[in-house]
Amino acid sequence: MCRLRSFVSPAVKRLVVYLMAEPETPELAAAAVAGGADLVELGFPFSDPLADGPVIRRAAERALARGMRTRACLECLARTRELLPDTPLVPMTYASILEAYGWERFSADAQAAGATTLIVADLPVDERPELRRVQLVAPTSTDERIRLAGERTDGWLYLVTLAGTTGARTELSPALAPLVERARRLTRVPLYAGFGISMPEHARTAAELADGVVVGSRAVEVAEDGPRALERYVRSLREAVDRN
């Protein structure tokens, strides 16, 4: 199977913005990068997204209604790559999509479209080890699973900061600090924290602990108001992260 290009984060704190793949997404991604995003996750809409909360579920339903199937999402990725030749781009998807499309075919086509690596949210670390991807761990993950995920992850380790689905919350999860502490003991790869991070103060606190911050639901909400609104929002996150 074709290996996707790895993105290894340097010491500087990284800001990751998630956007749903839709016709307007390439321009939105460019706005996010203009605001200070270092990496863009492109969500491939799925009809049963177990890890996603109501905001991203609604965005996925809207994208599917507009015809955003796997091929259209890969075309969206390719257009985004044209606008952002140097920015890491990471499709975020689900195993059923790859199963239907073909595992090796998806890996090859994603790489050809400009993917840096990918995230398969519901694919356990010990399944499909030949598929290079960013691995996810959660507060409920055992030390053994965190160690294995660190060994097999492609570039960085995604820390799911809470037990539950994505979505903006008023408080940062208290589970983040203990999870970072455990992951630091068990692996040396960069740690990026996501789920429930929506406000600049959340981003700043998370960046004090982790090597990067992932913002999804709130970014998707703001993106509905267009590229300028998204750029302003991402800039507020960037400024907060840089205060570390």
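The values are calculated or read from the model by the stated rules, or taken from the named source; none is laboratory data. These figures come from a predicted structure and were not determined experimentally. Virtual Cβ from ideal backbone geometry, glycine too; neighbours counted across all protein chains shown. Accessible surface is based on the protein model in full, side chains and every heavy atom, while ligands, DNA and RNA are left aside. Shrake-Rupley method; radii C 1.70, N 1.55, O 1.52, S 1.80 Å.
So Ser198 ticks every box in (1) open to solvent by 20 Å² or more (accessible area, probe 1.4 Å); (2) at pLDDT below 95 but one. Which box is left unticked?
The number of the failed condition is (1).
Could you tell me which numbered condition Glu127 fails, if it satisfies all but one of (1) within 20 Å of Gly43 (Cβ to Cβ); (2) part of a loop (DSSP other than H, G, I, E, B); (3) open to solvent by 60 Å² or more (accessible area, probe 1.4 Å)?
All conditions pass for Glu127, except number (1).
Output the residue which, of all residues in segment 134-179 that are under 14 Å from the mean Cα position of the chain (by Cα) and farther than 16 Å from Val120 by Cα, is modelled with the highest pLDDT.
Thr161
Where the second residue is acidic (Asp, Glu) and modelled with pLDDT of 65 or more and the first is under 20 Å from Gln111 (Cα atoms) and open to solvent by less than 20 Å² (accessible area, probe 1.4 Å) and lies in segment 151-172, which pairs have Cβ atoms under 9 Å and are six or more apart or on separate chains?
Listed by first residue and then by second, the contacts come to Trp156/Asp211.
Could you please find all residues in segment 85-118 being surrounded by fewer than 22 Cβ atoms within 10 Å (Cβ to Cβ) and of a type in the set (A, V, I, L, M, F, W, C)?
Matches in segment 85-118: Ala95, Ile97, Ala100, Trp103, Ala108, Ala112, Ala113.
Out of curiosity, is Thr80 open to solvent by less than 20 Å² (accessible area, probe 1.4 Å), touching a Pro at 6+ places or on another chain (Cβ under 8 Å), touching a residue at least 12 places away in the same chain (Cβ under 8 Å) and not in a loop (DSSP other than H, G, I, E, B)?
It is true that Thr80 is open to solvent by less than 20 Å² (accessible area, probe 1.4 Å), touching a Pro at 6+ places or on another chain (Cβ under 8 Å), touching a residue at least 12 places away in the same chain (Cβ under 8 Å) and not in a loop (DSSP other than H, G, I, E, B).
I need every pair where a residue in segment 13-28 that is of a type in the set (Gly, Ala, Ser) and open to solvent by less than 10 Å² (accessible area, probe 1.4 Å) has its Cβ under 7 Å from the Cβ of a residue that is assigned to a loop (DSSP other than H, G, I, E, B) and modelled with pLDDT of 95 or more, sequence separation at least 6 or different chains.
Taking only residues 6 or more apart or on different chains, the pairs are Ala21/Phe44; Ala21/Pro45; Ala21/Met68.
Which residue pairs have Cβ atoms closer than 9 Å, lie 6 or more positions apart in sequence or on different chains, and pair a first residue in segment 198-212 that is within 16 Å of Trp156 (Cβ to Cβ) with a second residue that is of a type in the set (Asp, Glu)?
Correct list of pairs: Ala207/Asp242; Leu209/Glu181; Gly212/Asp38.
Report, by residue number, each residue of segment 29-40 that is within 15 Å of the chain's Cα centre (by Cα), in a helix (DSSP H, G or I) and surrounded by fewer than 23 Cβ atoms within 10 Å (Cβ to Cβ).
Of everything in segment 29-40, just one residue is within 15 Å of the chain's Cα centre (by Cα), in a helix (DSSP H, G or I) and surrounded by fewer than 23 Cβ atoms within 10 Å (Cβ to Cβ), namely Val33.
Given (1) in contact (Cβ under 8 Å) with a residue 60 or more places away in the chain; (2) open to solvent by less than 80 Å² (accessible area, probe 1.4 Å); (3) more than 21 Å from Gly155 (Cα to Cα); (4) not charged (D, E, K, R), where does Leu50 come up short, assuming only one miss?
Failed condition: (2).
Going by the conditions given, is Gly43 open to solvent by less than 20 Å² (accessible area, probe 1.4 Å) and under 28 Å from Val12 (Cβ atoms)?
yes
Just one of Arg133, Arg145 is over 24 Å from Ala59 (Cα atoms) and buried (at least 17 other Cβ atoms within 10 Å of the Cβ); which is it?
Arg145
Looking at Arg188, Arg182, which one is touching a residue at least 24 places away in the same chain (Cβ under 8 Å), more than 18 Å from the chain's Cα centre (by Cα), assigned to a helix (DSSP H, G or I) and more than 18 Å from Ala121 (Cβ to Cβ)?
Testing whether each residue is touching a residue at least 24 places away in the same chain (Cβ under 8 Å), more than 18 Å from the chain's Cα centre (by Cα), assigned to a helix (DSSP H, G or I) and more than 18 Å from Ala121 (Cβ to Cβ) leaves just Arg182.
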